[in-house]
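See structure below.
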Amino acid sequence: MIRKKIKKILVPLDGSKNSLRGLDEAIYLARQCQATITGLYIIPIYPRNLADAIMPFQIHLSKEAKRFMEHAKRRSAQKGIVFKSKIIFGSPTVEIEELSRKGKFHIIVIGSRG
């Protein structure tokens, strides 16, 4: 029954080993259910008064996010899973909730410690 219901999996990623573990669990689940994975990488937004000072750092974060998402896409493809990448700026809790609702995902898989 579960295999028929889970077709869209959302995996928030942040470049950490823990988020890769979450991705690996999502890949396993996607293989069982013939589901697709959408990886979501959220780059934090900083106050406007810091914009000039923080801009080089945000450019660096954007490059790192793209690099990590390419790695996640290759990792998924090796197991035959379609991986869609989404990189956005915002608050992780707000953006995860909003995308999960708008994208009508069936499950969210998040890697964590402990």
Exercise for the section: For G39, state whether it is in contact with a Pro (Cβ under 9 Å, 6 or more places away or on another chain), closer than 18 Å to H106 by Cα and in contact (Cβ under 8 Å) with a residue 60 or more places away in the chain. Expected result: no
Exercise for the section: Kindly indicate whether L29 is among the aliphatic types (A, V, I, L, M), within 10 Å of the chain's Cα centre (by Cα) and under 23 Å from V82 (Cα atoms). Expected result: no
Exercise for the section: Only one of these is under 19 Å from I108 (Cα atoms), at pLDDT below 95, among the small types (G, A, S) and in contact with a strand residue (DSSP E or B) (Cβ under 9 Å, 6 or more places away or on another chain): S91, S85. Name it. Expected result: S91
Fill in the blank from the handout: Cβ pairs under 8 Å, 6+ apart or interchain, first in region 51-69 and within 28 Å of K84 (Cβ to Cβ), second among the small types (G, A, S), ordered by first then second residue, are E64/G15; A65/G15; F68/G15; M69/G39; M69/S85
Problem - helices (runs of 4 or more DSSP H) lying entirely in region 15-114 (those with 2 or more residues that are among the basic types (K, R) and surrounded by 12 or more Cβ atoms within 10 Å (Cβ to Cβ)) - result: 17-33, 51-77
Exercise for the section: Please find, within region 3-34, the residue that is farthest from R75 (Cα to Cα) out of those that are in contact with a helix residue (DSSP H, G or I) (Cβ under 7 Å, 6 or more places away or on another chain) and of a type in the set (A, V, I, L, M, F, W, C). Expected result: I6
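The values are calculated or read from the model by the stated rules, or taken from the named source; none is laboratory data. Remember, it's a predicted structure, so these values are computed and weren't measured experimentally. Note that we place each Cβ from the backbone using ideal geometry, even for glycine, and neighbour counts take in every protein chain shown.
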